[in-house]
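Written out below as structure tokens is the structure these notes cover.
Please treat every number below as a calculation from the coordinates, not as lab data. On a predicted model such as this, the values are computed, not experimentally measured, just so you know. With ideal geometry, Cβ positions are generated from the backbone for all residues, glycine too; neighbour counts draw on all protein chains shown.
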Number of protein chains: 2
Amino acid sequence: MIMKDNLELLKSYQLKITPQRIAIVEELASHGHLSIEDLYQGLLERFPTISLATVYKNINAMEEKEFVQEVKIPEQKSKYELTKAHHAHVVCQECKKVEDVVVSTKTILDEVKDVSHYRINRDDLIFTGLCPECVVKQSA
Amino acid sequence: MIMKDNLELLKSYQLKITPQRIAIVEELASHGHLSIEDLYQGLLERFPTISLATVYKNINAMEEKEFVQEVKIPEQKSKYELTKAHHAHVVCQECKKVEDVVVSTKTILDEVKDVSHYRINRDDLIFTGLCPECVVKQSA
DNA sequence: TGGATAGAAGATAATTATTTTCCTTTAAGT
DNA sequence: ACTTAAAGGAAAATAATTATCTTCTATCCA
């Protein structure tokens, strides 16, 4: 179910509230990280006539407003997530799941700035490996 | 010009040596990070009849053998680079240039492992901001 | 609350990007 | 040199994304 927060948020981002958009937010809120195709398949169940173009247009509009963000993952199609407090991602190379992880970036950021002399204002950190469940399966 | 090393390397990766492949390696060696389209345009000058499919097929083959690696960058098309010692990337949001940067990842890796309980064996770190040149231009 | 209207949805076409096919050519190993 | 597996090139096939156009609806305001 959708939280009022999300509705308010959509509004505050100047995105018109439509049933399709609400559904997109719900999907993202409950599943976390979804590809365009994932979203489309999920929405089809609720809106049998929804167009793939509608998914693209909405995700693009939401990205534009920074309401959602694209996550580019090695060896996979891009996933989308609701914008939230800054975080990194861990990806399981086995089961493909993607999770958020909050880590301190100060140390590495300082080093990057120091070494590169860039003024950094964004970081996209993806860590790939095996999730705890897949580690177990693998050793079994 | 191509270094013998690259030829040897191509061989050692079981990739048949062809003029087109040599050119791809040269392009990547001299320009660092190139998109498929960049590569195609560069190669066209030397091989007016080269096919875009050849570029795709070769890059895919080289990726397969881990001779080159894809670098997924926010808001940009993927770039490709020769595989080398592990490193992170800095991207200038203004002039779009991409550079390698070597930083210690031990601290953050430990934290990621600790927080996520994943067994991590790969990291893709992209830092976006302004390169020194663009910082200057911007304040001018 | 009942329009007016900007913007969204849906269908489809058009682009763009990527992969595959098929046939010719060539690199690499006898 | 000869053989063969693999690569190149052209074009077709797929996939992914964007654009267009018409219809519909959320939002705004009298």
Q: For A:HIS87, place a label point 7 Å out from Cα along the Cα→Cβ vector, do the same in each other copy, and report the separations in nm, one decimal, smallest first.
A: 3.2
Q. Where does the charge balance sit around A:VAL102 when Lys and Arg score +1, Asp and Glu -1, over other residues with C-beta under 11 Å from its C-beta?
A. -2
(Q) Going by Cα centres, the range B:103-129 and the range B:58-97 are how many Å apart? (A) 18
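If you filter the range A:32-140 for GluC sites (Glu not before Pro), then keep DSSP loop positions with at most 10 other Cβ within 10 Å, what is left? Please list the in-between numbers first.
Working: sites: A:GLU37, A:GLU45, A:GLU63, A:GLU64, A:GLU66, A:GLU70, A:GLU75, A:GLU81, A:GLU94, A:GLU99, A:GLU111, A:GLU133; in loops: A:GLU66, A:GLU75, A:GLU94.
Those that pass, being in a loop and sparsely packed, are A:GLU66.
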Q: Using the 2.2 N^0.38 Å rule of thumb for compact globular proteins, work out how chain B stacks up: its C-alpha Rg over that value, please.
A: 1.20
**Q.** Residue with peak Gaussian network fluctuation, chain A [Cα springs, cutoff 10 Å], from A:LYS79, A:LYS106, A:LYS97
**A.** A:LYS106
Q. Can you give the charge dipole size of the protein assembly as shown about its Cα centre, rounded to the nearest 20 debye, using +1 on the beta carbon of Lys and Arg and -1 on the beta carbon of Asp and Glu?
A. 400
(Q) Tell me whether the range A:4-82 comes out rounded, prolate or oblate; compute the Cα gyration tensor, take square roots of the eigenvalues as a ≥ b ≥ c, and use a/c under 1.5 as the rounded threshold. (A) oblate
Q: Could you sort out which of B:LYS16/B:LYS84; A:LYS11/A:LYS113; A:LYS72/B:LYS96; A:LYS84/B:LYS97; B:LYS11/B:LYS57; A:LYS57/B:LYS65 sit more than 26 Å apart by Cα distance in this structure?
A: A:LYS11/A:LYS113; A:LYS84/B:LYS97; A:LYS57/B:LYS65
Q | 5 angstrom amide H check on A:VAL68, placed H, neighbours 5+ away | A | A:GLU63, A:THR83
Q) Which chain B residue sits with its beta carbon nearest the axis carrying B onto A, and how many Å away is it, rounded to a whole number? A) B:LYS72, 2
Q: Assign unit charges at the C-beta atoms only (+1 for Lys and Arg, -1 for Asp and Glu), then state the dipole size of the range A:67-140 relative to its Cα centre in Debye, rounded to the nearest 20.
A: 180
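Based on Cβ point charges of +1 for Lys and Arg and -1 for Asp and Glu, what charge dipole magnitude is obtained for chain A about its Cα centre, in debye rounded to the nearest 20?
Values: 18 positive and 22 negative charges, 72 e Å.
I would put it at about 340 debye.
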Q. For A:HIS117, which inter-copy label distances result when the label point lies 7 Å beyond Cα on the Cα-to-Cβ vector, reported in nm to one decimal and in ascending order?
A. 4.6
(Q) Taking B:GLN41 in one copy and the same position in all the others, each labelled 7 Å out along Cα→Cβ, what are the pairwise distances from the first, in nm, shortest first? (A) 3.7
